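Here the structure is laid out as structure tokens; the discussion comes afterwards.
Nothing in this text is a laboratory measurement; each read-out follows from the coordinates by a stated rule. Since we're looking at a predicted model, the values are computed, not measured. Ideal geometry is used to build each Cβ from the backbone, glycine not excepted, and the neighbour counts take in all protein chains shown.
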Amino acid sequence: MNIFCSTREMVERLKDIVSTHWLDEKVYDKDVAVLLNIEHSNLATKIKRDRPPLKEILLFCDRCGLDPFKILLKKKNC
């Protein structure tokens, strides 16, 4: 049993977190790529192959003081 979310779901969770700080602006995959310090094409490939950029997500969570388990794991109430 896989406890990790799909890469697409991880990106959607990151978008939800970012959208709370960006009032009245839609958050796109390319915005998430910028926040993770990776190329948009690299993120698109990772989403397509369902290979999450774990290192980049963990670094982003560390920089922003976020709980990475809320992004990475299927269970939302960590």
Outside any helix (DSSP H, G or I) and of a type in the set (A, V, I, L, M, F, W, C): which single residue out of Leu14, Leu43, Leu66 fits that description? Leu66
Looking at the structure I just gave you, is Leu23 assigned to a helix (DSSP H, G or I), at negative phi and of a type outside the set (Phe, Trp, Tyr)? no
Of those in the stretch 54-78 that are touching a residue at least 24 places away in the same chain (Cβ under 8 Å) and under 14 Å from Phe4 (Cα atoms), the residue surrounded by the fewest Cβ atoms within 10 Å (Cβ to Cβ) is Lys75
